[in-house]
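J.: What follows is a single structure, and I will ask about it in a moment.
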Amino acid sequence: MSRDSAPSLTGQLLTLGRTRTGGVSQRTRQIVLTIATAALTAVLLGLAVIAATFDGRDLRDAMRQPIIVASPERATAWWGESPDHAGRWQHSVVYLDPIDPAAPPPPGLDSWPGPGQVYLSPALADTGPGVRDRYGEYAGTIGPQGLLSPTERLAYVGMPEDAAVPDGWMYPIAGFGPPGIFPFGEKITLTPAAQDLMIAVYLVFVVLPAGGLFVVAARFAAAGRDRRAALLNALGARTRHQFLAGLSSCLPAILAGTALGSAMAVPVLLADVTVPGIDYIVRAADVRRMWWFLAVAVAVAAVSAALGYAALHARRAQRGTTRPRPATDRVATWKIALFALFTVVTSAAALIPPGSPWTIPVYAAGLLGALAFAPSALAALLAWVGAAAAHRGLRTGRPTWIVAGRWCQHRPGVLARLVAPVVIGVVTLVNMHYFLASETLTSVQARQTDERLADSALSVSAHDLTAQRVMEAARALPERARLMAVDTADEGEGPTVLRAPCSTLRSLQLDCPQQPTPVEPGTGDIRVTTLVDWQAGSDVRIQASPAPPAEGSVEQLAVLSPREDPLTLAEVRNTLHPVLGPTTGVDRPASLEMTPANARLSQWVCSWAVTAWLCWPPPG
Amino acid sequence: MGVLLGGYGLALLATAGLISAGGHIAEAARSTAPLSVLTGRSRWHLGIALGFLTAPMALAAILSAALSLPLGTVIQQNRQVPAAPPDTLAAITLGALALALAAGLAAGTASARTAATWRPGRW
């Protein structure tokens, strides 16, 4: 063979990298690396999709913001917003009253809604029967360019000419566009900090574990490659040479994994996709608009994989040793001691007197600490069990016991990595389930009360409930409904007076006093006791008098219906909203509160994810 | 959302843990392959995988469930409302035990198949 025909050093290194180094087959390693690369690519693409989605939302939100002006003379329209409910979810109702009909309407509408006309987002229009007619005459749907997401619930309503609203309830606006910051629509529930929070949670929950998978895959069955790297090092190879040999061994897996991971983005580029479990629809248009985010994510994944898989060997080989790093045989005693300490702290939380503010913090701190050190403590325990099993295997002639026992005894780091996902997974699932399933006493009482009432008593609030408007409301409701006026105390002083005709009071098992008379505790049927317990103060009186006020207006109304044939909340909302106007609020007397556990769930899960990484031992 | 992303993260962690353990099981299989071929007892591999994979994972699941037990008492004391039923804890633990058994069986079977192709000097 002539000198010219000899392969170059680079060619030799690339060929060397593709040869098998012992241990698992090259195919198995390629599969593992492909899985890890695909996971990394898909996870980074997910990050790009999140960024693109929020970017699209912000853009549309900015374009529909009202430009509020100080002087009504400069205004082209009046703009007002009111929250309402349909089913379990809150939504925004935006009232519009154009001054200059030639001015552009808000994004998503072709023209301004006429007085009493309603445009609904598709998600709100499909909520249930009656919603389309609740605010007026249904005129169509809001276009996608006017909605933050396809699932947003929003209504644009042309202000009815006779609507009763307080002074200053509507704002004079000069059009729509940045830099407004008025929160409405989905912005009610998704605060401006949501994007940062979402990305932070995604980084901790998904990107970091994917990074862990990446590192573990890079070191998968690495003993043979470590020996080869050590040999190359002894022969004078530099980082570049090690990198070439390493890259050659994993290039097919990087290409296959990147392609596989990239395929995950295809559905979201082609059509709107619903995120499973939370029913959020990701808009394909947002993702397509920021396509270069995806391209960058794929490039970063491929380059990271190439550098990571190859560099992890190159760097290790530079340590100047010709032997692979020996595995650690023992778990540090202090880790076991700390696990025991934190376990005791966790258990001690159950001994703290009920109602103490320290219970949950002590439990959380103890649990996080115990979780952090549980894998190491378990590995130490398993090493001890393994030694005993190997000893017994020797005595009884069981080779399986000897081999498995010795592996457990001398590979505590491997065991710690093996049991860490199990420990974190089981504890996280159990804690999540407990906190999601548990309720505060108040929320349970509210739910049980609402279940017993079955909407036979509902509270109604609205601006300027004069006698005429109360009578209009009474006429609009079905015949079996009765109205009771609730004149709440002024700024917490004075009694709350419940006023209704004698027939209504008697149907509630109450007396019929002509003057305000205190209600004895436990008097009346469940509708009265609920109103008293949840809506009124301690000083409650009843009076036999028509619900419409003789003069002025009523603070609140209660809509009562027979318990055997009650009205429904949606029915009353849909009936009263057109009568009482934009400020109408209809709700159950005992509104469900959100459990504190649900409210704190994200912090809990975040803490667990951080702990997962604290207790994740370095690969080796 | 946190639950959803946490689920993804746990799945990735579990995959990483299984790959890591699988690599070491493969090393164990390499060591014992000549012996199992010579003696014709491929069940060794299953026993080793059950001892090195299933037993630690099962023990971890049981101890983790025990670690979560005080939570039920804490919640009941502070909210005075029955929390999650105990069978939820049992279901989660049984699920983890099933996963551990499946991992051990899969690794043992794969090791036995690999050992069946052993020939001198190859490894």
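J.: Please state the shape class of the stretch A:66-176: rounded when a/c is under 1.5, otherwise prolate if a/b exceeds b/c and oblate if not, all from the C-alpha gyration tensor.
T.: Since a/c reaches 1.5 and a/b is larger than b/c, the shape of the stretch A:66-176 is classed as prolate.
J.: Modelled label-to-label distance, A:Val303 and A:Ala174, 7 Å Cα→beta-carbon offset: nm?
T.: Label at A:Val303, label at A:Ala174, 4.5 nm between them.
J.: Another question, then. Calculated FRET efficiency, A:Leu16 and B:Val37, Cβ-Cβ r, R0 30 Å, to nearest 0.05?
T.: 0.50
J.: Please name which of A:Val131, A:Pro144, A:Tyr156 has its Cα lying farthest along the dipole of the stretch A:66-176 towards the positive end, using unit charges on Cβ (Lys, Arg +1; Asp, Glu -1) and the Cα centre as origin.
T.: Of the listed residues, the answer is A:Pro144.
J.: Near the amide H of A:Thr76, under 5 Å away, which other amide H atoms are found, from residues 5 or more places off or on another chain, if H is placed in the peptide plane?
T.: Correct list: A:Ile173, A:Ala174, A:Gly175.
J.: Given the peptides A:540-547, B:37-44, arrange them by the average over their residues of other C-beta atoms within 10 Å, most packed first.
T.: Order by mean packing, descending: A:540-547, B:37-44.
J.: Then there's this: Nearest 0.05, what FRET efficiency do B:Ala91 and A:Gln90 give at R0 = 30 Å with Cβ-Cβ as r?
T.: 0.30
J.: Quick one: length gained pulling A:Leu341 to A:Ala62 fully straight, 0.36 nm per residue minus the C-alpha distance?
T.: 95.2 nm
J.: What residues have an amide H closer than 5 Å to that of A:Thr583, excluding those fewer than 5 places away on the same chain, when H is modeled at 1.01 Å from N in the peptide plane?
T.: So A:Thr583 has HN proximity to A:His463.
J.: Here is a follow-up. Taking amide H positions as placed 1.01 Å from N in the peptide plane, with prolines and chain starts having none, which residues 5 or more places from A:Ile542, or on another chain, fall under 5 Å of its amide H?
T.: Excluding prolines and chain starts, which carry no amide H, the hits are A:Leu498, A:Thr517, A:Val519.
J.: Here is a further query. What residues of the stretch A:47-69 lie in the reach of a label at A:Val296, counting those whose backbone N is under 18 Å from a point 7 Å from the Cα along Cα→Cβ?
T.: Only A:47-59 pass the distance filter.
J.: Report, in debye and to the nearest 20, how large the dipole of the stretch A:444-587 comes out about its Cα centre when Lys and Arg carry +1 and Asp and Glu carry -1 on their Cβ.
T.: The dipole of the stretch A:444-587 has a size of about 420 debye.
J.: Still on this structure, please answer the following. Is there a simple number for the mean count of other chain Cβ atoms within 10 Å of the Cβ of residues in A:346-352, and what is it?
T.: Whole-number average of other-chain Cβ neighbours for A:346-352 is 5.
J.: Also: Which of A:Arg398, A:Arg411 comes first, and how do the rest follow, when ranked by fewest Cβ neighbours within 10 Å?
T.: A:Arg398, A:Arg411
J.: Arrange the peptides A:259-269, A:243-253 so that the one whose residues have, on average, the most other Cβ atoms within 10 Å appears first.
T.: The packing order, highest mean first, is A:243-253, A:259-269.
J.: How many angstrom separate the Cα center of the stretch A:65-87 from the Cα center of the stretch A:383-410?
T.: Between the Cα centre of the stretch A:65-87 and that of the stretch A:383-410, the gap is 76 Å.
J.: Which distance in nm do the two modelled labels at B:Arg113 and A:His391 give, with both placed 7 Å along the Cα-to-Cβ direction?
T.: Placing both labels 7 Å beyond Cα along the Cβ direction yields 3.9 nm.
J.: Please tell me the relative contact order of the stretch A:66-176 in percent, rounded to the nearest whole number, where contacts are Cα pairs under 8 Å and at least six residues apart.
T.: With pairs under 8 Å counted, the relative contact order is 40 percent.
J.: Starting from the 7 Å offset along Cα-to-Cβ, what nm value, one decimal, do you get for the label separation of A:Asp126 and A:Glu551?
T.: If labels sit at A:Asp126 and A:Glu551, their model points lie 5.4 nm apart.
J.: Here's another thing I want to ask about it. What does the extension gain come out to for A:Ala234 and A:Tyr138, with contour length at 0.36 nm per residue minus their alpha carbon separation?
T.: Once the chain is fully extended between A:Ala234 and A:Tyr138, it gains 26.5 nm.
J.: Averaged across A:396-405, how many Cβ atoms of other chains sit within 10 Å of each residue's Cβ atom?
T.: The per-residue average across the peptide is 5.
J.: Subtracting the Cα-Cα distance from 0.36 nm times the residue separation, let me have the gained length for A:Ala200 to A:Glu479 in nm, one decimal.
T.: 95.0 nm
J.: If you take the beta carbon distance between B:Ala102 and A:Ile188 as r and set R0 to 60 Å, what does 1/(1 + (r/R0)^6) give as a FRET efficiency, to the nearest 0.05?
T.: 0.85
A short reminder: the numbers here are calculations on the coordinates, not readings from a lab. Please read these numbers as outputs of a predicted model, since none were measured by experiment. Every residue, glycine as well, gets a Cβ built from its backbone with ideal geometry; the counts of neighbours run over all protein chains shown.
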